[in-house]
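First the structure, in the form of structure tokens, and then the observations on it.
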Amino acid sequence: MAVVRPVFYVSDGTGITAETIGHGLLTQFTDTKFVSERISFVDSIERAREAANRIRAAGETHEVRPIVINSCMDSEVGETLADSGALMLDVFAPFIEPLERELQESRQRHVGRAHAIVDFEAYHHRINAMNYALTHDDGQAIDYEDADVILVAVSRAGKTPTCVYLALHYGIRAANYPLTEEDLEHDRLPPRLRAYRQKLFGLTIDPVRLQQIRQERRPNSRYAQLETCRREVAQAEALFRAERIPTLSTTHTSIEEISSKVLSTLGIRREMF
């Protein structure tokens with residue numbers, strides 16, 4: 001039986017940074033089962049004590065030393081968290097000293113600075129991209145002239161979460177187009193997409209996994225039948241090959257990896273916010 005190890009992502013902000021980095025690290029260890037929890041806005045000693053108690057209790061429950069991936073800036077908060085007895089991993093520690101030497105400048109410990117809105121222009125750009133993604137979700141709007149990328153796939157293959165991620169993290173105007181049964185009857189792109197060929201990226205998925213996802217959404221429907229999923233995936237993949245559309249399977253691929261592949265394949269360069 002695999003060891004269950006509790007993991008806590010602790011931050012004085014949202015905890016997204018700690019969780020993103022921590023998840024990337026833990027995926028390298030496949031023999032251990034991790035149960036994770038994010039503890040956000042630990043910006044005082046009192047909250048650090050509360051967090052330490054939760055962490056300590058999890059260790060006692062699982063009878064194993066917890067792991068804390070910490071992005072809190074205040075050293076006293078970090079010391080208080082360490083009282084939990086957990087293995088403490090500071091997200092920023094490996095990088096601070098080399099940067100201080102290179103820049104000849106000492107770090108300024110501003111709580112929450114990593115999560116603050118410091119560039120309002122970039123912030124509004126990101127929000128506008130998010131609005132674009134929502135407006136152009138599942139073919140609701142088809143004016144793709146301003147799109148940076150258009151994801152094309154059968155229903156429930158991962159188009160929407162990828163578009164949202166691209167918008168929030170990179171400010172990318174990402175639209176998505178769901179291939180319908182009518183679209184899949186032909187081996188050519190739907191007419192409304194042909195003018196935007198250079199912006200297209202296809203997503204595919206294992207039919208069995210697609211059937212599981214659709215079954216949760218519409219149980220026992222024709223839409224969720226394995227035969228339907230196999231046919232649609234095969235037709236979509238044939239279309240992508242015929243039209244030479246770059247394609248990626250989302251079956252075992254994270255949203256972060258999908259997004260990175262989309263950007264690199266289409267040659268889109270954007271700063272991460």
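Assorted remarks:
- V77 being at pLDDT 90 or above and under 14 Å from A18 (Cβ atoms): yes
- Where a residue in region 66-80 is without any contact (Cβ under 8 Å) to a residue 40 or more places away in the chain and its partner, wherever it lies, is assigned to a helix (DSSP H, G or I) and open to solvent by less than 20 Å² (accessible area, probe 1.4 Å), with Cβ under 7 Å and at least six apart: T80/A48; T80/A52
- C229, sole failed condition from (1) over 23 Å from M130 (Cβ atoms); (2) open to solvent by 30 Å² or more (accessible area, probe 1.4 Å): (2)
- Qualifying position, being crowded, with 18+ Cβ neighbours inside 10 Å and either at positive phi or among the hydroxyl-bearing types (S, T, Y) (or both), among R156, R244: R156
- Restricting the search to strands (runs of 3 or more DSSP E) fully inside region 1-104 and requiring at least 1 residues that are basic (K, R) and over 25 Å from Y165 (Cα atoms) gives 4-10, 33-39.
- Candidates A129, A133 - the one that is of a type outside the set (S, T, N, Q), part of a helix (DSSP H, G or I) and touching a strand residue (DSSP E or B) at 6+ places or on another chain (Cβ under 6 Å): A133
- Just one of the listed residues (T180, T204, T250) is among the β-branched types (V, I, T) and under 27 Å from H125 (Cβ atoms), and it is T250.
- Positions within region 201-223 being closer than 28 Å to V149 by Cβ and among the small types (G, A, S), in sequence order: G202
- Within region 219-273, the set of residues being among the β-branched types (V, I, T), more than 16 Å from K199 (Cα to Cα) and modelled with pLDDT of 95 or more comprises T228, V233, T250, T251.
- Matching entry among D146, D187 (being over 22 Å from S260 (Cβ atoms) and touching a Phe, Trp or Tyr at 6+ places or on another chain (Cβ under 9 Å)): D146
- Residue in region 137-153 that is most open to solvent (accessible area, probe 1.4 Å), counting only those that are in a loop (DSSP other than H, G, I, E, B) and either without any contact (Cβ under 8 Å) to a residue 60 or more places away in the chain or out of contact with any strand residue (DSSP E or B) (no Cβ under 8 Å at 6 or more places or on another chain) (or both): Q140
- Of residues in region 160-178 being open to solvent by 10 Å² or more (accessible area, probe 1.4 Å) and touching a strand residue (DSSP E or B) at 6+ places or on another chain (Cβ under 9 Å), the one farthest from A224 (Cα to Cα): R173
- Enumeration of residues in region 257-273 that are of a type outside the set (A, V, I, L, M, F, W, C), in contact (Cβ under 8 Å) with a residue 12 or more places away in the chain and open to solvent by 80 Å² or more (accessible area, probe 1.4 Å): K261, R270, E271
The values are calculated or read from the model by the stated rules, or taken from the named source; none is laboratory data. Note that the coordinates shown come from a computational prediction; the quantities given were computed from them, not determined experimentally. Ideal geometry is used to build each Cβ from the backbone, glycine not excepted, and the neighbour counts take in all protein chains shown. The area values use the complete protein model at the heavy-atom level, side chains included, leaving out ligands, DNA and RNA. Shrake-Rupley method; radii C 1.70, N 1.55, O 1.52, S 1.80 Å.
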